[in-house]
């Protein structure tokens, strides 16, 4: 679709191609799909590049070091002014015929909740959708995958495609499987064994663990939320040192090329992955979070430096969601075994899989659903064109408008929606 094509250009991730056909990677049965790709930006400093381009755009009037703190609403339901505040207490009033809030999922919701506190009838009132249906994703590892087909095993490494963009394959259930077995939208892919567990015996993984465990270095190597995920386990560092001493050549043979591709190449390798002789890997899942009305954010009793109330977050994951994700794992295992591609080795007994998934469900890095799109003001906050139902000239550009979360990171879809909104405003408003 054209909006995704434009989003891919803005994200600089090659081409809008998210599926390929490789007959050599086909497993019999057709119940799961190995042809889906995730794509990565070719620009390792995309945010900084976009910001620099924006600053030099003479058609834009940019105000820095300001935070939107309030909206002035006329009696006929129009935003007349945006109030932006500085930490020194000064305020700036900004007027526009059309206002688009692009403040991120939680900050957009916080501003609208603060506005609703002063005008309780807005956004469907106290029983409306604002702040509700807070979604993210269920993610983690509940099993390991042991490959039987070396060609399929190798196909899950990072690779540069013909557009000089890094891609990586994912395993997803077919639409027929999702509907027949009431599965969530979910993607699976192999990852290196849990680096915190020294029983993997790998000098390379032990070195990676010790590197990310040391905060000053680890924060430079990987985002903090990922670093903490890997070092939350209590392990004996001496066992990792033993792994390194036993096989230092494993590090020397891998590290130089990895450092070049990850930190020095024109197009940076987006992650860390290494094959192993046991053909055994962790199986990562990234799954849809079912919409839950009682999963929500609300204004708390603490205030920030600008006097705005802080949010309290109550994110909920249902047993139904975990059960559906457990079914997806078991169906995948049956398919892999019957096709001879691989097999799964579960970390928990079959009856305890859903509980284990729920016990680790704490994802909060994606903000989805709290200003959801829908048919009317009683069940949603914005309409199909992202206009807020109760206000004539206010729009929201954020992943918070999604009524469902899907299985993928929301950024590219949020960008596509923003392109669509811009086109709508050009054609219908300006």
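The values are calculated or read from the model by the stated rules, or taken from the named source; none is laboratory data. Note that the structure is predicted; figures quoted are calculated from it, not measured. Every residue, glycine as well, gets a Cβ built from its backbone with ideal geometry; the counts of neighbours run over all protein chains shown.
Couple of notes before you dig in:
- When residue 248 is tested against (1) at pLDDT 85 or above; (2) within 30 Å of residue 106 (Cβ to Cβ), exactly one condition is not met: (2).
- Given (1) at pLDDT below 95; (2) out of contact with any helix residue (DSSP H, G or I) (no Cβ under 8 Å at 6 or more places or on another chain); (3) surrounded by fewer than 20 Cβ atoms within 10 Å (Cβ to Cβ), number of the condition residue 139 does not satisfy: (3)
- Which listed residue, of 44, 15, 7, is touching a residue at least 60 places away in the same chain (Cβ under 8 Å), touching a helix residue (DSSP H, G or I) at 6+ places or on another chain (Cβ under 8 Å), under 30 Å from residue 408 (Cα atoms) and part of a loop (DSSP other than H, G, I, E, B): 15
- If the condition is being surrounded by fewer than 18 Cβ atoms within 10 Å (Cβ to Cβ) and either over 25 Å from the mean Cα position of the chain (by Cα) or modelled with pLDDT under 90 (or both), then the stretch 327-345 contributes 334, 337, 338, 340, 343, 345.
- Checking residue 384 against (1) assigned to a loop (DSSP other than H, G, I, E, B); (2) touching a residue at least 24 places away in the same chain (Cβ under 8 Å); (3) in contact with a strand residue (DSSP E or B) (Cβ under 7 Å, 6 or more places away or on another chain), the condition it does not meet: (2)
- Taken as a whole, the stretch 137-150 holds at least one residue that is more than 29 Å from residue 362 (Cβ to Cβ), in a strand (DSSP E or B) and touching a residue at least 40 places away in the same chain (Cβ under 8 Å).
- Boolean, residue 109 is over 30 Å from residue 269 (Cα atoms) and under 27 Å from the mean Cα position of the chain (by Cα): yes
- Residue in the stretch 62-111 that is surrounded by the most Cβ atoms within 10 Å (Cβ to Cβ), counting only those that are assigned to a helix (DSSP H, G or I) and in contact (Cβ under 8 Å) with a residue 40 or more places away in the chain: 109
- Hey, residue 261 modelled with pLDDT under 90 and closer than 30 Å to residue 318 by Cα or not: no
- Residue under evaluation residue 360, criteria (1) surrounded by fewer than 20 Cβ atoms within 10 Å (Cβ to Cβ); (2) out of contact with any helix residue (DSSP H, G or I) (no Cβ under 9 Å at 6 or more places or on another chain); (3) closer than 30 Å to residue 151 by Cβ; (4) touching a residue at least 12 places away in the same chain (Cβ under 8 Å), criterion not met: (3)
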